[in-house]
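Have a look at the structure below before the remarks.
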Amino acid sequence: MSGARHISLLGKCRQRLAILRQFLRVGLVRKAQFRIDFLAQVVMDLCFYSVHIITFELLFGMGDGFTIAGWDRAAVRVFLGFLFVADAFMMTWLSQGWFLPQDIKNGNLDPVRLRPAPSILVYFFQRFSPEGAVNFLCAFSYLGYGLTTCGPLSADIIWTLPLALFLCIWAEVVVAVGLGALEFLFVNSDLSRFFIEMAQTASGKPLDIYKRRVRQFLILVLPVGVLAHVPAEIVLGRCHGLELLGQVTWQILLGLAVFALFRRSFKRYESALS
Amino acid sequence: MSKALALLAHDLRLLRHTTEYEFRKVLAFRVGFVVRELLNGVAHPAVMICLYFALYAQASSEAIGGWSFPEIVGYMILSACVQKMLFHHRLLEVADQIFTGHLTKFLVMPFRFFTLPLGRFVQNTLLQVAIATLCYFAGLYLVPDWWPRPASPSAAAQAFALVLLGSACFLLAYYCLAILAFWLDVVWSLSVMFMFVANFISGRMIPVSQMPPIFEAIFRWTFPYWALSAPIELFMGRTPEGFFLEGLGILLPTLLALELLRRVLWRLGRRRYVGAGM
Amino acid sequence: MSGALLSCRSARKVFRTHEREPGLRGFLRGLFKRKWLEVEALAGIDLEFAAGEFVGLIGSNGAGKTTLVKSMVGIIPVSSGRAELFGRDAFHLRDEEKRRLGVVMGQRSQLWWDLPALDSFELLRAIYDVPRAEFDQRLARYVELLDVADQLKIQLRHLSLGQRMKMEIIGAFLHGPEVVFLDEPTIGLDLIARETIRKFLVELNREEGATLVLTSHDMEDIEHTCRRLVILDQGAVVFDGELVELRQRIVGERAIELHLEPGTEDRAEGLAESLQAFEGRLSRENPLTLTVQVPASRAHDCIAHLLSVLAVRDLSVERQPLEDLIRQVYATPSLAAGLARP
């Protein structure tokens, strides 16, 4: 009998990376088995992107020099680029979150509670979808296209782009985990699925179309506004200096609080009786 | 003949039971009921109203693409009501049942499996029609200035008929996609893909008549257009004479074709079913 | 602390649910007004398991077995009292303790349904941080013991129930856990698969010293594997002790079957009365075959009496099956009360 084995911080990081690598590997194995699904999901996301692009292009096509709440055609393209990156990340790594309501209801989270690794990592990241790589390619291409239509790439854009991308992906994780936490409070309510849909719908347009308080709520509390709106504002130079620093700090703190909330909510999991 | 009638009576009895059972399921969880049944489909039109408000606020003319802002608001309100009534892919479980092998238990029972999704369709339609009607009249009472009114009672009835037929087409289309699970292991992406395209064609994002004429000319040949955008315009009195008949001319043959396709796919698929895991 | 790996003290679990009235009207009423019910799944359990034990946990449906297992491994919290594993509240286990634990849920797969088992095992290796050499060695051994080498690369959902369960068991043991809970691992399996799994568990308990807690409805599973038995009824422990002890304390009956020489059947006349001296009961299947039920302590004298009175061609003595014992425990609360461990 070996007794408790204490793992160093470095060991923990190594273990988490090994788990992610295994999720990535089994994702590839799974998709190698379901090849048509691979293709279908790529096309599905292309449909999602196309519908968004066409909708905005049609709206801007209705009149010359149209802007939507101060966002011109080029700025909206940058906005959509970030939206697609966030979506590609969600489809690649976080799609298991969609199944959380039924997993709670059917008692499928028993193994997650038993595993010696963070529940957020083991649950949300377990379904790696390699087609996301193709989606990422499309999303980045469109983001690049959007940025070039804004004018020549400046040093400011290149400097702020990694930070904007980090915020976009961080927010995607925070939103998925936060809405998952709600699901434990209202079992079988489909609340998280409903809010994901609502959040996606609300964040699918530049947030300046909403009143100030709604906008602040969507950025600072939910924070679906950080999926595309805030990153686009950062690279377009509309958010900088102390405001940018405050935004990044707040989003990281909010994210950590949401992760803690999820871990706490997970304790409400009652499993299934059988 | 009597045997066929007895079979039909049996199916109808079963349909009644299935519908009742589905009602009990949706009423079992209160928060779930509010979220799924009451709030379902309202977010998108609300966001689109905000978007259009921003667009119209800086436009030089009162109308864009033939639509004034109050008309667009009316369209989006009606769009929310219609979307509640339309069948959507999440109401079907058949693909999962094929994948996990849980279909087996139904296949050995003396009834037609399609009665189960049909029961869910009837339940969903009855409930959503009731909720949409209540919401419509509540809105009419609370904000009468902004709320859209029917051009005539017959226009409202015709629009309602188109929505119901369109919803039945959605049921069959999603069902056909779902039973492709007999051949493919994962089919949800096909349903979602179809949903994205159907949403656009139906005019959920932008009224079809506000799009360039080429879009409208093409979309008029498809059932999603006749399930949402067309009934709303009919309701608002923005359509020419004979519009309703044109809609029936598209929806009824589509319904028939989808039903035939469903039967063929089911028959062929059953031969491939292995009942995994059972 | 007594040094037990696992302990429950007055552990109680109550589930809250609402009453669902039948019919559509009842459901509509339930939408606005609900009557809540409390179901007591565990009624104050006291238990301790030491290292290296192989414990059988049995009980009828709804007795609280699965709830007890889930509370002990930390899937659900107890409502009051304590459930401790490795000296820590089971519901708040840290990763260090989780690494020492394995669980097999017979009716709930812990492996990935759409992946070959081998890929799931690799994933478990990463999650439990098992060194490669250790993992390979264990996997090879377990695969050989359970005879599943040919099925490792097949999607789990395409395996038979028995093959799947063997994979689940391998998955639970791959990280070398000190304590393993097996909740009905042989449910629905054929005789050969059940025997293979039993042998596997006994060997791992003996050679690796793993503490095993097995719940099963199959008494043969328990008889062939466990030394200690815990019987649950309505959320309470009604027996906790050695299997042998149970047999000694309540099993006191033997079934003596006798086949008589043809033509001597009339010598059995009046036998029933004479057997009363041994507290025996006689039943006669046909004129030449008799069965006598007698307390184990009187069996020896009773057999001597039977041989002296009858012309016996063949004789067999059978112990009472475990199922009968359990039935006896459930049927006699006073007996159960007398059996409970102090």
**OP:** Please specify each residue of region C:130-174 satisfying the condition of being open to solvent by 20 Å² or more (accessible area, probe 1.4 Å) and within 12 Å of chain A (Cβ to nearest Cβ).
**Re:** C:PRO131, C:ARG132, C:GLU134, C:LYS153, C:ILE154, C:GLN155, C:HIS158
**OP:** Could you grab the pairs with beta carbons closer than 8 Å, sequence gap of 6+ or different chains, first residue in region B:56-67 and more than 8 Å from chain A (Cβ to nearest Cβ), second one modelled with pLDDT of 85 or more and surrounded by fewer than 15 Cβ atoms within 10 Å (Cβ to Cβ)?
**Re:** B:GLU62/B:SER68
Original post:
Condition test on A:ARG193, is it part of a loop (DSSP other than H, G, I, E, B) and under 21 Å from the mean Cα position of the chain (by Cα)?
Top reply: no
Subject >> Of all residues making up region B:2-29, the number that are in a helix (DSSP H, G or I) and over 17 Å from B:ALA130 (Cβ atoms) >> reply: 18
**OP:** Return only the number of the condition from (1) away from chain A (no Cβ under 11 Å); (2) touching a residue at least 40 places away in the same chain (Cβ under 8 Å); (3) surrounded by 18 or more Cβ atoms within 10 Å (Cβ to Cβ); (4) more than 26 Å from B:MET193 (Cβ to Cβ) that B:GLN83 does not satisfy.
**Re:** (4)
**OP:** Please identify the pairs in which a residue from region B:102-128 that is surrounded by fewer than 17 Cβ atoms within 10 Å (Cβ to Cβ) has its Cβ atom under 6 Å from the Cβ atom of a residue that is in a loop (DSSP other than H, G, I, E, B), counting only partners at least 6 apart or on another chain.
**Re:** B:THR104/B:GLY275; B:THR104/B:MET278; B:PHE106/B:PHE113
Subject >> Check on C:GLY44, within 30 Å of A:ARG264 (Cα to Cα), buried (at least 18 other Cβ atoms within 10 Å of the Cβ) and either of a type in the set (Gly, Ala, Ser) or at pLDDT 90 or above (or both) >> reply: no
Original post:
Considering only residues of region A:28-52 that are in contact with a helix residue (DSSP H, G or I) (Cβ under 7 Å, 6 or more places away or on another chain) and of a type in the set (Phe, Trp, Tyr), which is most open to solvent (accessible area, probe 1.4 Å)?
Top reply: A:PHE38
**OP:** Go through region B:90-173 and tell me which helices (runs of 4 or more DSSP H), entirely inside it, have 3 or more residues that are among the hydrophobic types (A, V, I, L, M, F, W, C) and modelled with pLDDT under 95.
**Re:** B:94-100, B:115-142
Original post:
For region A:196-212, how many residues are at pLDDT 85 or above and in a helix (DSSP H, G or I)?
Top reply: 7
Original post:
Based on what the data block shows, is A:VAL29 free of Cβ contacts under 8 Å to residues at least 24 places away in the same chain, over 30 Å from C:ALA210 (Cα atoms), of a type outside the set (Phe, Trp, Tyr) and more than 8 Å from chain B (Cβ to nearest Cβ)?
Top reply: yes
**OP:** Go through the residues of region C:72-82 one by one and say whether even a single one is touching a residue at least 24 places away in the same chain (Cβ under 8 Å), assigned by TED's automatic domain parsing to the domain that holds C:HIS217, surrounded by 20 or more Cβ atoms within 10 Å (Cβ to Cβ) and within 19 Å of the chain's Cα centre (by Cα).
**Re:** yes
**OP:** Provide a single number: the residues in region A:150-188 that are surrounded by fewer than 14 Cβ atoms within 10 Å (Cβ to Cβ) and assigned to a helix (DSSP H, G or I).
**Re:** 6
Original post:
Mind checking which pairs have a first residue in region B:175-186 that is among the aliphatic types (A, V, I, L, M) and a second that is surrounded by fewer than 19 Cβ atoms within 10 Å (Cβ to Cβ), Cβ under 7 Å, 6 or more apart or different chains?
Top reply: B:ILE179/B:LEU265; B:ILE179/B:TRP266; B:ILE179/B:GLY269; B:LEU184/A:ILE36; B:VAL186/A:PHE34
Subject >> Candidates C:ILE192, C:ILE187 - the one that is β-branched (Val, Ile, Thr), assigned to a loop (DSSP other than H, G, I, E, B) and open to solvent by 10 Å² or more (accessible area, probe 1.4 Å) >> reply: C:ILE187
Subject >> Residue satisfying all of: in region C:113-129; more than 7 Å from chain A (Cβ to nearest Cβ) and not in a helix (DSSP H, G or I); surrounded by the most Cβ atoms within 10 Å (Cβ to Cβ) among these >> reply: C:PRO116
Subject >> Residues satisfying the stated conditions in region C:85-112, i.e. facing another protein chain (nearest Cβ under 8 Å) and of a type in the set (Asp, Glu) >> reply: C:ASP95, C:GLU96, C:GLU97
**OP:** Return the residue satisfying two criteria in turn: it lies in region A:53-73 and is in contact with a helix residue (DSSP H, G or I) (Cβ under 6 Å, 6 or more places away or on another chain) and open to solvent by less than 20 Å² (accessible area, probe 1.4 Å), and of such residues it is nearest to the other protein chains (Cβ to nearest Cβ).
**Re:** A:ILE68
**OP:** Tell me which of these A:PHE99 doesn't satisfy, since it passes every other one: (1) open to solvent by 10 Å² or more (accessible area, probe 1.4 Å); (2) modelled with pLDDT under 85.
**Re:** (2)
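The values are calculated or read from the model by the stated rules, or taken from the named source; none is laboratory data. Just so it is clear, the model here is predicted, and its values are computed rather than measured. Glycine also receives a Cβ, built like all others from the backbone with ideal geometry; neighbour counts cover every protein chain displayed. These area figures cover heavy atoms from the full protein model, side chains too; ligands, DNA and RNA do not enter into them. Shrake-Rupley method; radii C 1.70, N 1.55, O 1.52, S 1.80 Å.
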